[in-house]
């Protein structure tokens, strides 16, 4: 299971789930960094056009990354008991 209750009633995340979330956070972070790096090589007018098209999706990716990070911060690992 993704989470289990420890003795104090705190929800903990198993090691495998924590690793998967950490991997997802890193993948989203790397993708966003790569996209921004690519955009910075473009002429400003083209960059702005692409950002108008993709900006909402990049914002959603950033929000998802932050929600995943929050899961890691609020759910102690299985050895937290």
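Every read-out reported here was derived from the displayed coordinates using simple, explicitly stated rules and does not represent laboratory data. Predicted model only: the values in this text are computed from it and were never measured. Don't worry about glycine lacking a Cβ; one is built from the backbone with ideal geometry, like all the others, and counts go over all protein chains shown.
Among rounded, prolate and oblate, which fits the stretch 34-81 when a ≥ b ≥ c are the square roots of the eigenvalues of its C-alpha gyration tensor, a/c under 1.5 means rounded, and a/b larger than b/c means prolate? Note, shape of the stretch 34-81 comes out prolate. Summarising the label geometry, the points placed 7 Å from Cα in the beta-carbon direction at residue 72 and residue 57 lie 2.5 nm from one another.
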